[in-house]
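Nothing in this text is a laboratory measurement; each read-out follows from the coordinates by a stated rule. Computed from a prediction, not measured in an experiment: that's the story for all the values here. FYI the Cβ positions are ideal-geometry reconstructions off the backbone, even for glycines, and counts take in every protein chain you see.
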Amino acid sequence: MPRRIERLAIIGLGLIGSSIARAVKERLPDVMVTGHDASAEVRDIARTLGLCDAVIDAAQAAVADADLVILAVPVGGMAAAAAAMAPGLGKDTIISDVGSSKASVAEALAKALPGHIIIPAHPVAGTENSGPAAGFASLFDGRWCIVTPDTAAPADAVAALTSFWEALGAKVDVMDAAHHDMVLAVTSHLPHLIAYTIVGTASELEEVTESEVIKYSAGGFRDFTRIAASDPVMWRDVFLANKDAVLATLQRFNEDLTVLQQAIRRGDADKLEDWFTRTRAIRRSIIAEGQDDAAPDFGRKH
């Protein structure tokens, strides 16, 4: 008989956690949702917003009788969150998460929750905003959720988690945790690191004032600032948790940057045009896959 998820507990009620709660309320109305956040202020906001059927002060009470628990906390806080809820977990409860790095999370959860069913996952969705009021039910529509079970994970539990994310509008892929971490280092972690660097560099250039940077940011710089506005605690933890893959990708990026630097210095127009033609093709492929909007100015409303 297939597993059924009738009771969900969400630990962490920020952007992703609150979006899950909203999506479940809209698309899985028969599922009972309890929530917990380590911050009393966030719990109060969640209650005011009516995010869950019940927002509970103690993590172990929030997960009691849950079929599925989703940890929506920064990856550096996974072990502590798992330890806090451990006394309330049932032996058949599926424990998952939404973290942007998977190998370190799997290791932390396995150590904190020995003998439990742990199936890490990562919905590749989000915005630069944070907090319980920032979530919305359609956040996962058409986005990928990557599930990274180990070989010991029960097949029916993996199937139940997959069906859950599909019900919230996501497309699901299953892959090895280490491979996930390398893929996300390329597609998410390195772009964020570059954005943080560019915005930081611009703010420190003595020849260009901060007011000028802000005033004339209608070009590419503005788009980097959106990424650089992401939650600093979350991204601090991501870079430390996935440091090996990030450093390997950063090394390749530095090598490629040197190639472009040399092409500019030498006036190698053919090299630059060839490089930019290939990268434009990637952008067009992303649009063709439905992962972004081809509207002018990225669909911004002015």
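Structural remarks
- Residue among 234, 190, 282 farthest towards the positive dipole end of region 179-291, charges placed on Cβ: 282
- Full extension of the segment from residue 171 to residue 233, taken as 0.36 nm per residue of separation minus the current Cα-Cα distance, would add 19.6 nm.
- The chain - charge dipole about Cα centre, Lys and Arg +1 at Cβ, Asp and Glu -1, debye rounded to 20: 300 debye
- Rounded, prolate or oblate (a/c below 1.5 giving rounded, otherwise prolate when a/b exceeds b/c) for region 1-148 by Cα gyration tensor: rounded
- Once the Cα-Cα distance is subtracted from the 0.36 nm per residue extended length, the residue 279 to residue 133 segment shows a gain of 49.0 nm.
- Global form of region 179-291, assessed from the alpha-carbon gyration tensor, a/c cut-off 1.5: rounded
- Estimated distance in nm for a label pair at residue 179 and residue 222, the labels positioned 7 Å out from Cα along Cα-to-Cβ: 4.0 nm
- Beta bridges per DSSP, both residues in the chain: antiparallel share near 10 percent.
- Exposed chymotrypsin sites (Phe, Trp or Tyr not before Pro) absent: longest stretch of the chain, with sites in DSSP loops and at most 16 other Cβ within 10 Å deemed exposed: 1-135
- Considering only 123, 132, 232, the Gaussian network model of the chain with Cα springs below 10 Å gives its largest mean-square fluctuation to 232.
- Of the trypsin sites (Lys or Arg not before Pro) found in region 1-69, the ones in coil according to DSSP and having at most 12 other Cβ atoms within 10 Å of their Cβ are 4.
- Seen against the Cα atoms of the chain and their longest principal axis, helix 15-27 is set at about 60 degrees.
- Under 25 Å, Cα to Cα: Lys pairs in the chain, sequence gap 8 or more or different chains: 8
- The chain: calculated mean residue ellipticity at 222 nm from DSSP helix runs of at least 4, using -39500 (n - 2.57): -15000 deg cm²/dmol
- Annotation: extensible slack from residue 205 through residue 49 equals 51.9 nm (criterion: 0.36 nm per residue apart, minus Cα-Cα distance).
- For the chain, excluding the exposed loop sites themselves (GluC sites (Glu not before Pro), DSSP loop, at most 16 other Cβ atoms within 10 Å), the longest remaining stretch covers 7-127.
- Within region 81-157, the trypsin sites (Lys or Arg not before Pro) that combine a DSSP coil assignment with at most 15 other C-beta atoms in a 10 angstrom radius are 91.
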